[in-house]
Amino acid sequence: MADQDVMRVRAQAKWVRTSARKARLVLDHIRGRTVPEARTILAFTSRAAATDIEKVLRSAVANAEANHGLDGDELLVEAAYADEGPTLKRWKPRARGRVNRIRKRTCHVTLVLAEQPPTEAPRRRARAKPAAEKAAPDATEPRKTPTRRKKKEGVAA
């Protein structure tokens, strides 16, 4: 299947209140997986970013089903990334009239779903020769002598 023939669906959540670095840790787990696998991984991931990413995944699947008539369970998470959003600056008072800056970071989470390429049937191995065609051991051939280990076992037994 050519690269242009694959249908791609995108969903994006902007201004998600978590840092892009924390979101990327979760996105790395689902990139390249099927949608059912990704849903399972996100359901059992303890990080807070997983709930926001799960919403984006549900939105992308809904877009694929409603707008393009695709089956959500047949899709693959082709791309998953988190870009930095604007940072909210806040101030925290400290001792002796000083102040510390608090950075409340945001990110933009994007998921791209694509159709799975059709799986090819596994190639068959070359057929082995039937048992009748296999060479039968000749009675004229000398038998192999047992190895030293077998000789010892025979003596011990």
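The values are calculated or read from the model by the stated rules, or taken from the named source; none is laboratory data. What you see is a predicted model; the values in this text were computed from it and never measured. For neighbour counting, all protein chains shown are included, and Cβ atoms are generated from backbone atoms with ideal geometry for every residue, glycine included.
Worth a mention:
- Strands (runs of 3 or more DSSP E) lying entirely in the stretch 50-157 (those with 1 or more residues that are among the hydrophobic types (A, V, I, L, M, F, W, C), within 30 Å of ARG10 (Cα to Cα) and at pLDDT 95 or above): 75-84, 88-93, 107-115
- Inter-residue pairs, beta-carbon under 8 Å, first touching a residue at least 60 places away in the same chain (Cβ under 8 Å) and surrounded by 14 or more Cβ atoms within 10 Å (Cβ to Cβ) and in the stretch 65-92, second in a strand (DSSP E or B) and of a type in the set (Gly, Ala, Ser), 6+ apart: LEU75/ALA114; GLU78/ALA114
- Looking only at the stretch 42-64, residues that are touching a helix residue (DSSP H, G or I) at 6+ places or on another chain (Cβ under 8 Å) and crowded, with 18+ Cβ neighbours inside 10 Å come to 9 in all.
- Sole exception among (1) more than 21 Å from LEU27 (Cα to Cα); (2) surrounded by 13 or more Cβ atoms within 10 Å (Cβ to Cβ); (3) of a type in the set (A, V, I, L, M, F, W, C) for CYS107, by number: (1)
- Looking across the stretch 37-49, just one residue is part of a helix (DSSP H, G or I) and basic (Lys, Arg), and that is ARG39.
- The residues of the stretch 1-36 that are touching a helix residue (DSSP H, G or I) at 6+ places or on another chain (Cβ under 8 Å), surrounded by 13 or more Cβ atoms within 10 Å (Cβ to Cβ) and part of a helix (DSSP H, G or I), listed by number, are LYS22, ALA23, LEU25, VAL26, LEU27, HIS29, ILE30, VAL35.
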